[in-house]
């Protein structure tokens with residue numbers, strides 16, 4: 001069965017689990033950045049300051065990434081819906097379970 005994605009719901013991007021997954025990955029990246037990598041700029045920071053920096057890094061990363069995804073979905077919707085360009089085509093096979 002061949003399907004084509006013509007519209008991406010912007011609200012579903014924001015209210016789904018995608019921002020939470022990005023937040024967890026951002027926390028891991030922030031922890032590596034502030035605790036694991038030996039950086040002379042973060043050396044004088046206390047543990048509490050590094051912990052706060054990881055949290056703020058995660059929040060900022062989620063906001064910026066979600067905004068980029070919303071913008072990309074909006075542009076995709078304009079190109080496929082308004083201008084009539086082809087959307088992403090998916091070829092899906094049905095599996096029969098015995």
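Only one entry in 85, 3, 95 is touching a helix residue (DSSP H, G or I) at 6+ places or on another chain (Cβ under 8 Å) and not in a helix (DSSP H, G or I), namely 85. From the list 27, 52, the one residue that fits, being touching a residue at least 12 places away in the same chain (Cβ under 8 Å) and either out of contact with any helix residue (DSSP H, G or I) (no Cβ under 7 Å at 6 or more places or on another chain) or surrounded by 14 or more Cβ atoms within 10 Å (Cβ to Cβ) (or both), is 27. Restricting attention to segment 55-88, the residues that are exposed (fewer than 12 other Cβ atoms within 10 Å of the Cβ) and closer than 15 Å to residue 12 by Cα total 3.
Within segment 30-49, which residues are part of a loop (DSSP other than H, G, I, E, B) and exposed (fewer than 14 other Cβ atoms within 10 Å of the Cβ)? Show your work before the answer.
Narrowing segment 30-49 to residues part of a loop (DSSP other than H, G, I, E, B): 37-46.
Correct list: 37, 38, 39, 40, 41, 43, 44, 46.
FYI, it's all coordinate maths here, none of it is from the lab. Note that this is a predicted model, so its numbers are computed, not measured. Every residue, glycine among them, receives a Cβ derived from its backbone with ideal geometry; neighbour counts consider all protein chains shown.
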